[in-house]
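Have a look at the structure below, then the notes.
Nothing in this text is a laboratory measurement; each read-out follows from the coordinates by a stated rule. Small disclaimer: the values here were computed from a predicted structure and weren't measured. All Cβ positions, glycine included, derive from the backbone under ideal geometry; neighbour counts span all protein chains shown.
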Amino acid sequence: MKAAAEDSGHALIRDVLDAYDLPGTFGRHEPIGSGHINDTYRVQVTGRTQHLFVLQRLNTDVFRHPEKQIANIHAILPHLHDHAASPGRPAFRTVSIVPTRRGEPLLIHEGRTWRMMTHVENAYSVDVVRNAHHAYEAARAFGWFVASLRDLPPEKLHDIIPDFHNTPKRHQRLVSAIATDAHRRLATARAEADFALARREDCRLLEVARTDGTLPSRAVHNDTKVNNVMFDQQKHHAVSVIDLDTVMAGTSLYDFGDLARTSITLSREDDRDLSRIRIQPELFKALVNGYLESAGAILNDKEKAWMYDATRIITLEIGIRFLTDYLEGDHYFKCGRPGHNLDRARAQFKLVQELEANEPILRRIVDAAI
Ligand code: GN1
Ligand code: MG
């Protein structure tokens with residue numbers, strides 16, 4: 001099984017930080033976030049005041065062209081800046097790349113690729129929403145994000161991970177992993193495999209509609225887990241959207257769907273107690289309303305009408321990805337325990353079942369809001 005995290009000792013971080021012109025002396029560092037791909041640390045630098053930065057060791061097996069990610073980030077930041085104002089609420093803040101002393105956005109140290117980003121002060125993130133206000137605010141933030149990028153032609157962005165949200169291709173890969181069963185794990189995941197196999201046709205809606213133009217191609221975030229939103233510590237408004245690694249062309253429904261996947265329940269993405277995974281319709285209502293508040297004016301009819309469908313498809317897609325990785329020997333997502341990817345897949349499929357069982361009420365929420 002893949003190690004949970006690689007060495008992140010003080011000496012290593014200090015050596016990496018040597019490449020940067022810091023406003024003080026490096027003090028402490030700690031792992032932050034619950035990303036499944038990169039290793040992310042908050043580093044503290046003390047000069048006349050204290051400064052915080054976010055330092056990341058990129059997983060270049062997944063992100064093969066970090067310089068393209070940098071180009072995409074640089075392409076979107078001016079648009080986000082231009083639309084930062086948020087009447088009646090704090091303006092949105094953007095994170096930016098901190099260059100090395102030599103002015104480079106990336107650092108290669110001992111063969112590994114590092115990147116430093118600014119830190120969003122006085123703000124926090126959550127893996128699980130605490131209430132409908134969080135859900136509303138997170139959706140308002142991702143709606144703001146896609147609306148801010150409306151004038152950026154998506155074809156100007158590099159395709160960071162081709163077919164990232166191509167659900168039928170994700171399904172096809174699962175079919176291959178099941179057929180190969182290279183790690184002899186299928187016997188432990190038969191029910192989950194059957195669950196996904198039975199939903200092959202359901203994977204197609206977004207991909208077909210994107211290909212035939214029913215859904216416009218847009219510059220979108222593509223990784224809208226709720227923990228990629230920062231909330232301010234006082235009034236709990238959303239103040240920033242982070243993790244810009246997968247910004248590229250896509251549809252707004254990828255973003256809405258992945259956000260709803262992670263904020264429609266009060267359970268964790270890898271909860272082993274499936275009885276805790278329950279849909280909360282009032283959270284979904286908050287998500288729909290928050291997204292429409294900031295993006296409603298730019299979305300077309302289908303981008304609004306399919307918010308339920310997208311939630312179900314993207315939840316199914318991520319379940320399929322976790323299950324595939326389990327069957328392929330856990331080479332992609334970091335795991336914290338044996339069977340972690342299987343637990344994650346089970347939790348996603350339970351959520352799909354819940355979405356299916358609550359379809360009428362969830363569709364009514366969408367219909368009432370649009
Ligand atoms: C990965 O590393 P993190 O948590 O930001 C993944 C997303 C998944 C997510 C599931 C590049 O994101 O697509 O939705 O895990 N990112 C990549 O938790 O594959
Ligand atoms: Mg990410």
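Dipole size of the range 73-163 about its Cα centre, with +1 on Lys/Arg Cβ and -1 on Asp/Glu Cβ: approximately 280 debye, rounded to the nearest 20. Bridging of residue 350 to aspartates and glutamates at a Cα separation below 12 Å is possible for 192, 269, 270, 271, 273, once same-chain residues fewer than 8 apart are set aside. Counting only Cβ charges, +1 for Lys and Arg and -1 for Asp and Glu, the dipole size of the chain around its Cα centre is about 380 debye.
Under the classification rounded if a/c is under 1.5, otherwise prolate if a/b is larger than b/c and oblate if not, where does the range 40-84 fall, given a ≥ b ≥ c as square roots of the Cα gyration tensor eigenvalues? Oblate shape, in that a/c is at least 1.5 and b/c is the bigger or equal ratio. Using C-alpha pairs under 8 Å with a sequence gap of at least 6, the mean separation divided by the residue count of the chain gives a relative contact order of 20 percent.
Within the chain, helices built from complete DSSP H runs that reach 18 Å or longer along their own axis (Cα positions) and carry a mean Kyte-Doolittle hydropathy of 0.0 or higher are 132-148, 281-295, 307-327. Near residue 212: Cβ cut-off under 14 Å, other residues only, Lys/Arg at +1 and Asp/Glu at -1. The net charge is +2. Gap in Å between the Cα centre of the range 182-244 and the Cα centre of the range 247-321? About 8 Å separates the Cα centre of the range 247-321 from the one of the range 182-244. For the range 132-369, the gyration tensor built on C-alpha atoms gives a prolate shape. Its axis ratio a/c (a ≥ b ≥ c) is at least 1.5, and a/b is the larger of a/b and b/c. Relative to the Cα centre, the charge distribution of the range 2-119, modelled as +1 at Lys and Arg Cβ and -1 at Asp and Glu Cβ, gives a dipole magnitude of about 280 debye.
Quick check on the range 1-137: take the gyration tensor over C-alpha atoms, sort the square-rooted eigenvalues as a ≥ b ≥ c, and tell me if it's rounded (a/c under 1.5), prolate or oblate. Judged from the Cα gyration tensor, the range 1-137 comes out rounded (a/c under 1.5). Any lysines with Cα under 28 Å of the residue 156 Cα? List them, leaving off those in the same chain fewer than 8 positions away. Of all the lysines, those that pass the test against residue 156 - Cα under 28 Å, at least 8 places apart if same chain - are 68, 169, 225, 302, 304.
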